[in-house]
Amino acid sequence: MPAYNEEATILEIVGQVMASPYTAEVLVVDDCSSDRTADLVRTITDPRLRLLSQLTNQGKGAALRRGFAEASQQFVIVQDADLEYNPGDYEQMMAPLLRGAADVVFGSRFMGGHGHRVLYYWHSLGNKVLTTFSNLMTNLNLTDMETCYKLFSKEIMQQIAPHLQQERFGIEPELTARVSSIPCRIFEMSISYHGRTYDEGKKIGMKDGFSALWCIVKYGTQSILARRRAKKARLLASR
């Protein structure tokens, strides 16, 4: 759980995560918050919780890389520190993994079946454009590449985590490209979504959208080359 200046929501969201029967460990990575986020986390006595503190503000991607390196459980899910995503959706996220059908699960805000707060049209359009462009590069058919809810088996996380590079919101297209470049089964499940406004603390902006485009090109190209190498190796092995 990357967290930066989330004192208004951190206790509630950690409480919701802790209440899930699927939660065995929670890693809160405080990204050098200037408010009481870290102090509030320290008041939680649940032994499943660990607070990891960044010495400087580095961004969501850097916080996730730190958390991935420290995670010890069989499955790892990304949870934002605001209240936009509902830990009550863990059950449907986990279902494909628990029945042995998937290695990676994306939670989609756009598949239908769950409600979502009505907010910014341009954000929704931008998300669809980025997802489509990402799909063109990765040859996946996702509906929501930018989703926070990405769930990985430990085996897959161990393969991709050492190679992650992005420090800000570019981590989303990078994670997507990384999993598309290795043999794994990817599922997408419908989730609920309660977006927040900028006045309520939303941080992503237009600059991050352009950065995401650059990351899609960079890591998508790497994914294409990796898939071509794998295909060539399979052909040689079959001769």
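The values are calculated or read from the model by the stated rules, or taken from the named source; none is laboratory data. All figures in this text were calculated on a predicted structure; none of them were measured in a lab. Here the Cβ is made from the backbone with ideal geometry for all residues, glycine too, and neighbour counts use every protein chain on show.
Overview of results
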{"item": "Unmet requirement for V78, which otherwise passes all of (1) hydrophobic (A, V, I, L, M, F, W, C); (2) over 22 Å from T147 (Cα atoms); (3) crowded, with 19+ Cβ neighbours inside 10 Å", "result": "(2)"}
{"item": "Residues (touching a Ser or Thr at 6+ places or on another chain (Cβ under 9 Å) and under 13 Å from V76 (Cβ atoms)) located in region 158-174", "result": "I160"}
{"item": "Enumeration of residues in region 84-102 that are surrounded by fewer than 19 Cβ atoms within 10 Å (Cβ to Cβ) and assigned to a loop (DSSP other than H, G, I, E, B)", "result": "N86, R99, G100, A101"}
{"item": "Matching entry among S134, S211 (being modelled with pLDDT of 95 or more and either touching a Pro at 6+ places or on another chain (Cβ under 8 Å) or farther than 16 Å from V78 by Cβ (or both))", "result": "S134"}
{"item": "Candidate set from region 15-36 (those that are touching a helix residue (DSSP H, G or I) at 6+ places or on another chain (Cβ under 7 Å) and assigned to a helix (DSSP H, G or I)); member that is farthest from F152 (Cα to Cα)", "result": "Q16"}
{"item": "Residue in region 50-59 that is out of contact with any Phe, Trp or Tyr (no Cβ under 8 Å at 6 or more places or on another chain), of a type in the set (K, R), within 23 Å of A212 (Cα to Cα) and in contact (Cβ under 8 Å) with a residue 24 or more places away in the chain present", "result": "no"}
{"item": "Subset tally (residues that are of a type in the set (A, V, I, L, M, F, W, C) and surrounded by fewer than 20 Cβ atoms within 10 Å (Cβ to Cβ)) for region 165-182", "result": "1"}
{"item": "Residue list for region 167-178, filter: more than 12 Å from the chain's Cα centre (by Cα) and modelled with pLDDT of 95 or more", "result": "A177, R178"}
